[in-house]
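In what follows, a single structure is set out as C-alpha cells and then discussed.
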Amino acid sequence: MKDTKKKNLEEFINKYKDYNLLDCLTYNSYRVKWSRDSYRTYDSISTTEMLWLIQDSNMEMVKRFYEDKMKQACSYGTEQHGKIEDYIKTWKISDTDVFKNFRLFTIKHSVTEMVSEWEYSLSYKELPKLTWTIDCICNIVGDKYIIDWKTTKNKRSFMSVKHKLQIAMYSILSWINKWWVVYLNAKWYEFKEVEDLDYYKLIVRDLMEYTNELYSQGKVNNLYNN
C-alpha cells in the first residue's frame, strides 16, 4: 500500500512507531454515532472513522487490558458533557463541581452565544458525506471559536497526537481557525491551543486523500451491511 500513501502522512507514521496505517476503511454508513437504532438519511463516513485508519498500538493494548476502566471513563465523560449540553440548550443548571468550573471558565473568558453539538456534513471527492459533530461553537471577545470539552476525574490536560489531528481536521472542514481544548474536572479547569496546527493540517489533508483512494478502490468494511 505504500504507493497510495502521501508524503506527509507517511513521514508521520514513520515518526511515531506506535502508529500503523491500515489499508481498509471501516465505517458505519447510515448509522449515527454507532447506534443501531439511530440512522442518517444519507450515506456517510465520520471523521472519527477516518482517523481510525491510523491505528495506535498503545491504545489497542489499553482496550484489551483496561476495557472496564475505559468504559467507566467514557460513561463519566458522557454524563458531564450532557450537563454542559443541557445548560447551553436549555439553561438548566447543575450542582456538580465540574459544571461549576465550566461556568467559571465561560464567565472569566467572556464566552457567549454558545451552540452545542453542532453537526456538519460535506462532500469530498468520491467519498460519501463526511460528517462530524463539534462540542461547542461560541464567541469569545468577538471572535468565533470552536471548543472541545474534555472532562476528567484527574488533574490531567494531556493532548494526544491523534487529538491534535482531530482538531486539525475539524479546523479544515469547518473553516474556523480559533480553537480551545478545555479540560474540566471537579477542582480546576485549563484550556490549551494546538501548537503547530498547520503541520497537522498537512497530515490530515493526506489522510483525506488516502481515505478517498481506499474507498474508490473498494478497500472498505461497511458495518451497516453486517
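The values are calculated or read from the model by the stated rules, or taken from the named source; none is laboratory data. What you see is a predicted model, and the numbers here were worked out from it, not measured in a lab. For neighbour counting, all protein chains shown are included, and Cβ atoms are generated from backbone atoms with ideal geometry for every residue, glycine included.
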Of the criteria (1) out of contact with any Ser or Thr (no Cβ under 7 Å at 6 or more places or on another chain); (2) modelled with pLDDT of 95 or more, which one residue 213 fails: (1)
Which one is farthest from residue 50 (Cα to Cα) among residues in region 173-190 that are crowded, with 16+ Cβ neighbours inside 10 Å and among the β-branched types (Val, Ile, Thr)? 182
For region 108-132, enumerate the residues that are surrounded by fewer than 12 Cβ atoms within 10 Å (Cβ to Cβ), closer than 30 Å to residue 187 by Cα and of a type in the set (D, E, K, R). 108, 113
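Tell me yes or no: at least one residue of region 92-107 is closer than 20 Å to residue 186 by Cα and acidic (Asp, Glu).
The initial filter retains those residues of region 92-107 that are closer than 20 Å to residue 186 by Cα, namely 92-107.
If we keep only those that are acidic (Asp, Glu) too, we end up with 95, 97.
Yes, region 92-107 has at least one match.
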Would it be correct to say that residue 175 is in contact with a His (Cβ under 9 Å, 6 or more places away or on another chain) and not hydroxyl-bearing (Ser, Thr, Tyr)? no
Can residue 153 be described as farther than 23 Å from residue 28 by Cα, in contact (Cβ under 8 Å) with a residue 60 or more places away in the chain and not hydrophobic (A, V, I, L, M, F, W, C)? yes
Read through the list (1) crowded, with 18+ Cβ neighbours inside 10 Å; (2) more than 24 Å from residue 97 (Cα to Cα); (3) modelled with pLDDT of 90 or more; (4) not acidic (Asp, Glu), then give the number of the only condition that residue 205 fails. (1)
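I'd like the full set of residues that are polar (S, T, N, Q), assigned to a strand (DSSP E or B) and closer than 18 Å to residue 49 by Cα, limited to region 104-163. Full working, then the answer.
Applying the first criterion (polar (S, T, N, Q)) to region 104-163 yields 106, 110, 112, 116, 121, 123, 131, 133, 139, 151-152, 154, 157, 160.
Going one step further and asking which of them are assigned to a strand (DSSP E or B), we end up with 112, 116, 121, 123, 131, 133, 139, 151.
Passing the criteria: 121, 123, 131, 133.
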How many of the residues in region 117-139 are in contact (Cβ under 8 Å) with a residue 40 or more places away in the chain and of a type outside the set (Ser, Thr, Tyr)? 11
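Evaluate the following for residue 147: is it surrounded by 18 or more Cβ atoms within 10 Å (Cβ to Cβ) and not aromatic (Phe, Trp, Tyr)? Break it down into steps so the answer makes sense when it comes.
Values: surrounded by 18 or more Cβ atoms within 10 Å (Cβ to Cβ): yes; not aromatic (Phe, Trp, Tyr): yes.
Yes; evaluated as a whole, the condition is true for this residue.
Quick check on residue 62: is it touching a helix residue (DSSP H, G or I) at 6+ places or on another chain (Cβ under 8 Å) and either modelled with pLDDT of 85 or more or crowded, with 16+ Cβ neighbours inside 10 Å (or both)?
Details: touching a helix residue (DSSP H, G or I) at 6+ places or on another chain (Cβ under 8 Å): yes; either modelled with pLDDT of 85 or more or crowded, with 16+ Cβ neighbours inside 10 Å (or both): no.
In short, no.
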Residue among 213, 193 that is acidic (Asp, Glu) and loosely packed, with under 14 Cβ neighbours inside 10 Å: 193
